[in-house]
1. Suppose a student asked you for the relative contact order of the chain, using Cα pairs under 8 Å spaced at least 6 residues apart; what percent would you report?
2. Under a Cβ-only charge scheme (Lys and Arg +1, Asp and Glu -1), can you give me the dipole magnitude of the chain about the Cα centre, in debye to the nearest 20?
3. Classify the chain: rounded, prolate or oblate, from the alpha-carbon gyration tensor (a ≥ b ≥ c, eigenvalue square roots; a/c under 1.5 rounded; otherwise prolate if a/b is larger than b/c)?
4. Note down the nm distance, to one decimal, between modelled labels 7 Å out along Cα→Cβ at Ala44 and at Lys62.
5. Run lengths n ≥ 4 of DSSP H only: what is the helix-derived mean residue ellipticity at 222 nm for the chain, with -39500 (n - 2.57) per run over all residues, to the nearest 500?
6. Where the centre of each part is set by its Cα atoms, how far does the range 50-65 sit from the range 1-48, in angstrom?
7. Roughly to the nearest percent, how much of the accessible area of the chain is carbon and sulfur, given a 1.4 Å probe?
8. Using a probe radius of 1.4 Å on heavy atoms only, what accessible surface per residue do you get for the range 6-79? Whole Å² is fine.
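The values are calculated or read from the model by the stated rules, or taken from the named source; none is laboratory data. Here the structure is a predicted model, which is why all the values come from computation and not from measurement. In this analysis, Cβ positions are derived from the backbone assuming ideal geometry, glycine residues included, and neighbour counts consider all displayed protein chains. When the accessible area is computed, the model is the full protein with side chains, heavy atoms only, and any ligands, DNA or RNA have been set aside. Shrake-Rupley method; radii C 1.70, N 1.55, O 1.52, S 1.80 Å.
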Amino acid sequence: MTVKESLVLYSRADCHLCDLAAAMLDATGLDWRTVDIDTDPALADRYGIHVPVISRPSDGRKLFFPFDETALQDFAAGA
């Protein structure tokens, strides 16, 4: 059995685009978890106003908003 790592949604509180990205992740049925960048100064410096960002832990690739569900599924599939 192959276990895939969950995607990571880098976000922050009160971010309507982050809420939209979370809804897209839910709609696609992908496994994911969220990380609030404001809990870590290094992440806040790295991503700042660029959230939401989706990360694929297996290879470290990032998908920056704007994206749609199709782009999100392609990204998750490794495209």
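1. 35 percent
2. Roughly 240 debye, rounded to the nearest 20.
3. prolate
4. 1.7 nm
5. My calculation for the chain gives -10000 deg cm²/dmol from helical runs alone.
6. Taking the Cα centre of the range 1-48 as reference, the centre of the range 50-65 is 8 Å away.
7. Ligands and nucleic acids excluded, carbon and sulfur give 51 percent.
8. The answer is 57 Å² per residue.
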